[in-house]
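Data first, discussion second: the structure below is written as structure tokens.
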Amino acid sequence: MSEQPQYNRRRFLSAAAVTIAAGPLFMIGSADAKPNKIRPADGLSFKLSMNNSFGTIKQINAGVLNVGYAEAGSSNGPPVILLHGWPYDIYSFVDVTPLLVAKGYRVIVPYLRGFGTTRFLADETIRNGQPAAIALDIIALMDALKIEKAILAGFDWGARTADIIAALWPERCKALVAVSGYLIGSQAAGKIPLPPSVEFQWWYQFYFATERGEAGYGKYRHDFNKLIWRLASPKWNFDDAIFDRSAAAFDNPDHVAIVIHNYRWRQGLAQGESKYDHLEERLAKGPVITVPTITLEGDANGAPHPQPAAYASKFSGKYANRIISGGVGHNLPQEAPQAFADAIIEADGYSK
């Protein structure tokens, strides 16, 4: 597209972009070591069901948002914040949460801006999906909940958000678990052409760059997102009930605007807010993450993702990488909840 999308004060009508989301069984790795392959028998045999539920969703004003979030466990337990991606929601962690609660953790699972019951406090606030804004949403949520420091864990947008917080505000992050590793990028990086086979994987990013793509996503978001689930996790046999439970989160009135802006911003096709420029400048330099970290990857991840060797040097603290085998796709916490929970517990141990 030759024209820059217009900047709309109430919402970016053009919006969103995709970049390039333990315990005793695990052996500690290092940045230079080959990733350990883990076959999480318990995780993969953990049946998908509708039995687990978050119950009542809480709401709290935080920054520019009224954030919807699930909370479980003792209020005095070590806090863990679990961050979902697109097109997913808090139910990616519905089976992870009780595993962590059983170990004494306080678990917070928020809907990101544009998802579920999270709403903007003011109509005039820009519907901005850029990564720095989403990361600051989580900092604001921590402040509102009076959480000084937490373990952060996520995948897709959630992993990127956790990476950003760990890089820019390490004093707020006790330990990090990130699916697909280091996902911090920049608009400049998003403009670099890639080999055709790689570009092909980003088909939806190019679709979202068009007016037709924005309209199509708004009209067909349910079917569109189910297709993404299938492509990103080709061996995950989820049923309609599992998908529809999460699909309700996409009915958020700001969902389309946030998603479209996120992906367009990454390609430099939509403006961000100038108040985040200093943060984006720091992120564009690829800051090293110093907090204890475990990165995870499913052996059947059908979504575009970097190889572990490409980002190992970005983690200077105690670090390990795990490949979760057995047909695990992009939505790793929901497909292999035991492995994801174990990684959080192990990473927490790194910080002690």
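Please treat every number below as a calculation from the coordinates, not as lab data. Please read these numbers as outputs of a predicted model, since none were measured by experiment. Cβ placement follows ideal geometry from the backbone for every residue including glycine, while neighbour counts extend to all protein chains displayed.
With 10 angstrom as the radius, rank SER316, SER75 by how many other C-beta atoms surround their C-beta, starting from the fewest. Intermediate values should be presented prior to the final figure.
Values: SER316 12, SER75 8.
Neighbour counts put them in this order, fewest first: SER75, SER316.
Highest mean packing first, where packing is the average number of other Cβ atoms within 10 Å per residue, the peptides 250-259, 84-93, 287-296 line up as 84-93, 287-296, 250-259. Would you please give the FRET efficiency between GLN307 and TRP169, computed as 1/(1 + (r/R0)^6) with r the Cβ-Cβ distance and R0 = 45 Å, to the nearest 0.05? The calculated FRET efficiency here is 0.95.
How long is the gain from ASP239 to THR290 if the chain were fully straight, where each residue apart is worth 0.36 nm and the alpha carbon distance is subtracted? Display every interim value, and only then the final one.
Values: separation 51, 0.36 × 51 = 18.36 nm, distance 3.95 nm.
Taking ASP239 through THR290 to full extension adds about 14.4 nm, to one decimal.
Of the trypsin sites (Lys or Arg not before Pro) in the stretch 243-317, the ones in a loop by DSSP (not H, G, I, E or B) with at most 11 other beta carbons within 10 Å are LYS285.
Remark: the stretch 336-343, residue by residue, has Karplus-estimated 3J(HN,Hα) of 9, x, 5, 5, 5, 4, 4, 5 Hz, where x stands for each Gly or Pro and the curve is 6.51 cos²θ - 1.76 cosθ + 1.60 at θ = phi - 60°. For ASN66 and ASP223, a Förster radius of 41 Å and the Cβ-Cβ distance give a FRET efficiency of 0.90, rounded to the nearest 0.05.
What does the charge count near LEU332 come to, summing +1 for each Lys or Arg and -1 for each Asp or Glu among other residues with Cβ under 13 Å from its Cβ?
Values: positive: LYS235, ARG322; negative: ASP95, ASP156, GLU297, ASP299, GLU335, ASP342.
With Lys, Arg at +1 and Asp, Glu at -1, the neighbours total -4.
Restricted to Cα atoms, the chain shows a radius of gyration and a Dmax of 18.5, 55 angstrom. Of the GluC sites (Glu not before Pro) found in the stretch 109-214, those in coil by DSSP whose Cβ has at most 15 other Cβ atoms within 10 Å are GLU124, GLU148. For the stretch 234-247, the Karplus equation 6.51 cos²θ - 1.76 cosθ + 1.60, evaluated at θ = phi - 60°, returns couplings of x, 10, 8, 8, 6, 9, 4, 5, 5, 5, 4, 4, 7, 4 Hz by residue, with Gly and Pro reported as x. Listed by chain and number, the aspartates and glutamates whose alpha-carbon sits under 18 Å from that of LYS146, ignoring those within fewer than 8 places in the same chain, are GLU71, ASP137, GLU171. Spacing of the modelled spin labels on LEU194 and ASP251, each 7 Å from Cα toward Cβ, amounts to 3.4 nm.
What does the net charge come to around VAL288 if you take all other residues with beta carbon closer than 12 Å to its beta carbon, with K and R at +1 and D and E at -1?
Values: positive: ARG282, LYS285, LYS314; negative: ASP163.
So the environment of VAL288 carries a net charge of +2.
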